[in-house]
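Note sheet for the following structure.
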Amino acid sequence: MENEPMEDQPIAGSLIEDAWSEGSIYERYMGRWSRLLARDFVTWLDIPAGGNWLDVGTGTGALVDAVCEHGKPKSILACDPVAAFVDVARRNITDDRVEFLQAGVGELPSRDGGFDMVISNVALNFFNDATEALREQASLLCAEGMVAASVWDYAGDMQFLRHFWDEAKTINPRAAKLDEGVRFSFCNPGALKELFSGAGLEKIRIFPIAVPTIFENFDDYWSPFLAGTGPAPSFVASLSEEDRILLADGLRRRLPVATDGRIDMVARAWVVAGCR
Ligand SMILES: C[S@@+](CC[C@H](N)C(=O)[O-])C[C@H]1O[C@@H](n2cnc3c(N)ncnc32)[C@H](O)[C@@H]1O
């Protein structure tokens with residue numbers, strides 16, 4: 001019954017699990033793009049050198065790499081509840097300023113004197129209660145500290161996922177509820193501002209960042225969706241073989257595939273920052 005559609009398994013507001021698990025698979029699916037975003041996000045923040053950072057939902061450490069390279073930190077404590085991600089990040093990042101911890105929202109570590117920056121890269125929408133998560137993050141700041149987050153513009157110009165869900169909805173009606181543009185409806189400037197101010201944060205700044213997502217060919221786009229890490233791949237794993245083939249064929253027709261097979265798109269994110 002491996003390919004039977006999964007019905008009604010409510011987990012974190014969804015019908016199927018988001019299945020964050022495998023570090024190397026995550027890198028091909030999302031890490032290669034979240035790394036590009038992380039670099040521009042840290043540059044936009046323009047934080048003075050020498051700060052102590054907390055990275056929440058670090059995954060395989062995309063943001064940690066960017067902070068080490070562009071943020072001139074004194075220290076970074078990077079957390080994720082998924083052991084497999086923390087293991088990969090710990091193995092790959094050996095910078096003396098960085099420490100990793102297996103921990104999630106609700107159990108974030110504090111620091112004597114507080115953190116200068118508490119930050120998350122494309123993770124805020126996966127926390128169970130984003131307002132509570134931001135409150136917890138704000139409570140860990142030092143007096144002049146800042147909370148910052150990036151989120152993909154799922155309902156708008158996060159193009160490779162937008163095409164995926166728009167096509168998926170034509171194949172299977174369950175996709176309408178699972179569409180990340182619907183589930184993560186606060187990923188737009190107005191709602192993000194409300195969310196940050198609802199968590200008691202002030203001097204809120206919001207900015208769009210678009211990164212190029214260039215796929216060599218259709219297989220480069222599609223194969224990470226077959227590997228089961230993340231919301232869209234989890235949905236693909238729940239489909240019958242027949243529906244999976246229909247979805248792939250539909251995407252082949254829908255995507256802007258160039259004559260040499262390359263698929264050039266952009267992924268837009270919103271970056272937001274606020275102070276206590
Ligand atoms: C899309 S990934 C982003 C990973 C990384 N920040 C990046 O830029 O590639 C979302 C991350 O949020 C983490 N996550 C999910 N629920 C969480 C929670 N309650 N607390 C902390 N992290 C969580 C997942 O394990 C995953 O690593």
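Values quoted throughout were computed directly from the atomic coordinates according to the rules given, and no laboratory measurement underlies them. Please read all numbers here as calculations on a predicted model, not as lab measurements. Cβ atoms come from the backbone with ideal geometry, glycine included; neighbour counts cover every protein chain shown.
Structure notes:
- Percentage of interatomic Cα-Cα distances in the chain larger than 30 Å: 28 percent
- Label sites at R97 and D157, each approximated as a point 7 angstrom past Cα along Cα to Cβ, lie 3.1 nm apart.
- Filtered GluC sites (Glu not before Pro), the range 206-276: DSSP coil and at most 16 other beta carbons within 10 Å: E216
- FRET efficiency estimate (nearest 0.05) - Cβ-Cβ, A258 to E194, R0 41 angstrom: 0.55
- Nearest-20 debye value, the chain charge dipole, Cβ charges on Lys, Arg, Asp, Glu: 780 debye
- Among the trypsin sites (Lys or Arg not before Pro) found in the range 20-104, those both in a DSSP coil and sparsely packed, with 12 or fewer other Cβ atoms within 10 Å of their Cβ, are K74.
- Eligible lysines near K193 by straight Cα distance, threshold 28 Å, same-chain separation 8 or greater: K72, K177, K203
- Of the GluC sites (Glu not before Pro) in the range 105-170, the ones in a loop by DSSP (not H, G, I, E or B) with at most 15 other beta carbons within 10 Å are E107.
- Approximate spin-label separation S139-S24, in nm, with each point projected 7 Å along Cα-to-Cβ: 4.0 nm
- Approximate spin-label separation S75-L226, in nm, with each point projected 7 Å along Cα-to-Cβ: 4.6 nm
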